[in-house]
Amino acid sequence: MLKLTKLTLAIAAVTLMASCGKKEETKPAAAPASAPAAAAAKASEAVEVLHWWTSGGEAAALNVLKKNLEDQAVKWNDMPVAGGGGEQAMTAVRARVTSGNPPTAVQLLGFDIQDWAKQGALADMSALAAKEGWDKTVPPALQAFSKFDGKWVSAPVNVHSTNWVWANKAVLDKAGVKEIPKDWDGFIAALTAVQKAGLVGLAHGGQPWQDATIFDGVVLATGGIDFYRKAFIDLDPAALNSPTMVKVFDRMGQLRKFVDKDFSGRDWNLAAAMVISEKAGFQIMGDWAKGEFINAKKVPGTDFLCFRMPGTQGMVTFNSDQFAMFKLGADKGAAQEKMAKAVMDPAFQSAFNVVKGSAPARTDVPNTAFDDCGKKAMADLAEASTKNTLVGSLAHGHAVPASLKNAAYDVITANFNGKADSKKAAADLAAAMKK
Ligand code: BGC
């Protein structure tokens, strides 16, 4: 992360250079000389997009992008790879690149973008970025991942965050939970009340990335922002194996008691469905979960509640979905440029993120079209970046590279499944997360 921090600092300097430097640019589609010529040009414009947006809410959001491109006569070849958090999708990308056949555009997170850029696999979008003014509108925390060596290599479509809780209002009423829990003890009391009412306290899917998503919030709630930074950005062994980290794992164990017996392997959207259908009270999940509620026609404030993991209000563990364009022949350039341009269009960012549950990746998109949870996401993000309480999500590839992230997953999941007690888990984490 040290490198990345330096990269962030270098951005201001690089910004100027990028806009002055003459980069090769794919020509925008010229006005058609004749109808057949235009048809031929259009027929060749297609994008193959590899992504992991396969749940109902995710697919609805993706359709906004698909339609935008189809309206510009760019054919959409869908390459979905199921699996929340994108691990399976990343395996598919590696296979495609190894066989010399990368997709046109790929959904990537944080350090994975940097890894592909380091390998020279990504197209340089700096000319388009300069023309469209991305430097001025994309927050530095995102640019740190979108740029490599000062060049734009990916287009951020959103900002998600992981320290959220989703609750069913009717279930809380039934359980006598009258207000949103404000701290850890309040949260445990609310979960207990729901369980006592005969329902599942915490809807959860036992998959490593979901366990880690909960963990993001528990670390923040237990140790605060400085502790999170020390442990997962600086990889300080003393923080990783500390009494605070032992407490974090103790709290994971507390949460485990509110999960139903069938949780193992369950997909995150099925866990969300348990809350939506009044079978469970709460789900701790990134704000893509809101996409499921919205897709089920549920109304925030009335049917469901969104709040920050108790004890983490004012702090945000973020991740940002970005589309990187893989280096392909010049004939693919025009369609890639259209797609990158569409992704960064302010009106599109509003329309897409309203459905996806995320906040826009640009600071100049008005919040008017967003519901209360979306407005809160945008306000929290702005507050956290001003107060320096915005940190990359460990679970979603924005704190450490994939190898360390996966090592953390192993420890978190082993502990959650009772295979390592809290003390051993903290020691294992420190051992696994060596710089
Ligand atoms: C992505 C989201 C996605 C979620 C579940 C996260 O890593 O950032 O866009 O909805 O995984 O699949």
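Would you check which residues across segment 87-112 are within 11 Å of the ligand (Cβ to nearest atom) and in contact (Cβ under 8 Å) with a residue 40 or more places away in the chain and list them? Explain how you work it out, then say what you get.
Step one: of segment 87-112, the residues within 11 Å of the ligand (Cβ to nearest atom) are 87-90, 107-110, 112.
Correct list: 87, 90, 107, 108, 109, 110, 112.
Within segment 254-282, can you find the residues that are touching a Leu at 6+ places or on another chain (Cβ under 7 Å), surrounded by 23 or more Cβ atoms within 10 Å (Cβ to Cβ) and of a type outside the set (A, V, I, L, M)?
Of everything in segment 254-282, those that are touching a Leu at 6+ places or on another chain (Cβ under 7 Å), surrounded by 23 or more Cβ atoms within 10 Å (Cβ to Cβ) and of a type outside the set (A, V, I, L, M) turn out to be 281, 282.
Listed residues 117, 73, 82, 130; which is within 16 Å of the ligand (Cβ to nearest atom) and aliphatic (A, V, I, L, M)? Let's see the steps before the verdict.
Numbers: 117 fails: within 16 Å of the ligand (Cβ to nearest atom); 73 fails: within 16 Å of the ligand (Cβ to nearest atom); 130 fails: within 16 Å of the ligand (Cβ to nearest atom).
On inspection, the qualifying residue turns out to be 82.
Just wondering, is there one or more residues in segment 330-343 that are within 16 Å of the ligand (Cβ to nearest atom), out of contact with any Pro (no Cβ under 7 Å at 6 or more places or on another chain), under 16 Å from residue 70 (Cα atoms) and among the hydrophobic types (A, V, I, L, M, F, W, C)? Please lay out each step first, then the result.
To start, the set of residues in segment 330-343 that are within 16 Å of the ligand (Cβ to nearest atom) comprises 343.
Right, trim to out of contact with any Pro (no Cβ under 7 Å at 6 or more places or on another chain) and you get 343.
Subset that is under 16 Å from residue 70 (Cα atoms): 343.
Okay, now just the ones that are also among the hydrophobic types (A, V, I, L, M, F, W, C), so 343.
Scanning segment 330-343 turns up at least one residue that is within 16 Å of the ligand (Cβ to nearest atom), out of contact with any Pro (no Cβ under 7 Å at 6 or more places or on another chain), under 16 Å from residue 70 (Cα atoms) and among the hydrophobic types (A, V, I, L, M, F, W, C).
Looking at (1) more than 16 Å from residue 142 (Cα to Cα); (2) charged (D, E, K, R); (3) not assigned by TED's automatic domain parsing to the domain that holds residue 133, which is the one condition that is false for residue 331?
(3)
Write out, first by first residue and then by second, each pair whose Cβ atoms fall under 6 Å of each other, whose residues are 6+ apart or on separate chains, and whose first residue, in segment 246-264, is touching a residue at least 12 places away in the same chain (Cβ under 8 Å) while the second is in a loop (DSSP other than H, G, I, E, B).
Short answer, once both residue conditions are applied: 259/204; 263/204.
When residues of segment 391-411 are filtered for being within 16 Å of the ligand (Cβ to nearest atom) and not in a loop (DSSP other than H, G, I, E, B), how many remain?
Taking segment 391-411 and keeping what is within 16 Å of the ligand (Cβ to nearest atom), we get 391-402, 405-406, 408-409.
Then drop every residue that is not not in a loop (DSSP other than H, G, I, E, B), which leaves 391-392, 402, 405-406, 408-409.
Looking only at that region, the number is 7.
Only residues that are among the basic types (Lys, Arg), away from the ligand (no atom under 14 Å from the Cβ) and either touching a residue at least 12 places away in the same chain (Cβ under 8 Å) or crowded, with 19+ Cβ neighbours inside 10 Å (or both): list them for segment 345-375, please. Spell out how you get there, then give the answer.
Of the residues in segment 345-375, the ones among the basic types (Lys, Arg) are 356, 362, 375.
Then keep just the ones that are away from the ligand (no atom under 14 Å from the Cβ); that gives 362, 375.
Listed by number, the list holds a single entry, 362.
Is it fair to say residue 124 is closer than 22 Å to residue 158 by Cα, more than 14 Å from the ligand (Cβ to nearest atom) and assigned to a loop (DSSP other than H, G, I, E, B)?
Numbers: closer than 22 Å to residue 158 by Cα: yes; more than 14 Å from the ligand (Cβ to nearest atom): yes; assigned to a loop (DSSP other than H, G, I, E, B): yes.
For residue 124, the condition - closer than 22 Å to residue 158 by Cα, more than 14 Å from the ligand (Cβ to nearest atom) and assigned to a loop (DSSP other than H, G, I, E, B) - is met.
Just the residues that are in the same structural domain as residue 111 (by TED's automatic domain parsing) and closer than 14 Å to residue 142 by Cα, please, taken from segment 360-384.
The answer is 360, 361, 362, 363.
Residue 422 - would you say it is within 16 Å of the ligand (Cβ to nearest atom), closer than 16 Å to residue 211 by Cα and not assigned by TED's automatic domain parsing to the domain that holds residue 139?
Values: within 16 Å of the ligand (Cβ to nearest atom): no; closer than 16 Å to residue 211 by Cα: yes; not assigned by TED's automatic domain parsing to the domain that holds residue 139: yes.
Here the answer is no, as residue 422 does not meet what is asked.
Quick one: which residue in 225, 214 is under 21 Å from residue 181 (Cα atoms), of a type outside the set (Asp, Glu), within 16 Å of the ligand (Cβ to nearest atom) and in a helix (DSSP H, G or I)? Before the answer, list the steps.
Values: 225 fails: within 16 Å of the ligand (Cβ to nearest atom).
Of 225, 214, the one residue that is under 21 Å from residue 181 (Cα atoms), of a type outside the set (Asp, Glu), within 16 Å of the ligand (Cβ to nearest atom) and in a helix (DSSP H, G or I) is 214.
Is one or more of the residues making up segment 43-60 near the ligand (Cβ under 10 Å from one of its atoms), surrounded by 16 or more Cβ atoms within 10 Å (Cβ to Cβ) and in a helix (DSSP H, G or I)? Even if it seems obvious, please write down each step before you answer.
At the first step, the residues of segment 43-60 found to be near the ligand (Cβ under 10 Å from one of its atoms) are 51-55, 57-58.
Imposing the further condition that a residue be surrounded by 16 or more Cβ atoms within 10 Å (Cβ to Cβ) reduces the set to 51-55, 57-58.
Filter once more, keeping what is in a helix (DSSP H, G or I): 57-58.
Yes, there is a match, as at least one residue in segment 43-60 is near the ligand (Cβ under 10 Å from one of its atoms), surrounded by 16 or more Cβ atoms within 10 Å (Cβ to Cβ) and in a helix (DSSP H, G or I).
Please go through segment 254-297 and give me each residue that is within 16 Å of the ligand (Cβ to nearest atom) and of a type in the set (S, T, N, Q), ordered by number.
Within segment 254-297, 269, 283, 295 meet the criteria.
Looking at residue 317 and the list (1) more than 16 Å from the ligand (Cβ to nearest atom); (2) outside any helix (DSSP H, G or I); (3) of a type in the set (Ser, Thr, Tyr), which single condition is not satisfied?
Condition not satisfied by residue 317: (1).
Any chance segment 328-339 includes a residue that's part of a helix (DSSP H, G or I) and without any contact (Cβ under 8 Å) to a residue 24 or more places away in the chain?
Of all residues in segment 328-339, those part of a helix (DSSP H, G or I) come to 330-339.
Going one step further and asking which of them are without any contact (Cβ under 8 Å) to a residue 24 or more places away in the chain, we end up with none.
Checked against the condition, which is being part of a helix (DSSP H, G or I) and without any contact (Cβ under 8 Å) to a residue 24 or more places away in the chain, segment 328-339 yields no hits at all.
The values are calculated or read from the model by the stated rules, or taken from the named source; none is laboratory data. Bear in mind the structure is a predicted one, so any value in this text is a computation, not a measurement. Glycine gets a Cβ as well: all are built from the backbone with ideal geometry, and neighbour counts include every protein chain shown.
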